[in-house]
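Working notes, structure below.
Throughout, read-outs are computed from the coordinates displayed, never taken from laboratory work. Nothing here was measured: the structure is a model prediction, and the numbers come from that model.
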Amino acid sequence: MFLASEFAKRIKGVGIVSVAMNPGNPLTKIWDQGLKWGKIMLRLTMHPVIYGAYAAFWTGLSGEVGLEDGGRYAVPWEKWVVSVRKDRLGALTHEEDGSTSEEWRFWGWCEEMTEAYS
């Protein structure tokens, strides 16, 4: 959420939409390494991998997602997060707006960590 929100603020007005997306709980092969009883329990809350693709396609290709949605958080399937915890909302504002700006600091940390690769 931090990166999507900060990126949306930085590129506002250039025609690019930046959103965060949760693909749900896809039942992928990564879980094959675990214990058998653990895999059985996970299957109760997981979904076929195609549903994760549906979520990605909706956020990336749907006509329902527009420029005004920049910085939002999409959850499975074809929905936006309606309410965000107050502490997260506070973290999504800049220091000049009076917050601690965790988002802004996280963006800076990401730039610092990837600087050698750009």
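Here are a few things to note about the model shown:
- Reach of LYS79 by Cα under 22 Å, taken over lysines that are not fewer than 8 positions away in the same chain: LYS9
- Amide proton proximity set for MET21, modelled H, under 5 Å, gap of 5+: ALA74
- A compact globular protein would have a Cα radius of gyration near 2.2 N^0.38 Å; the ratio found for region 1-89 is 1.31.
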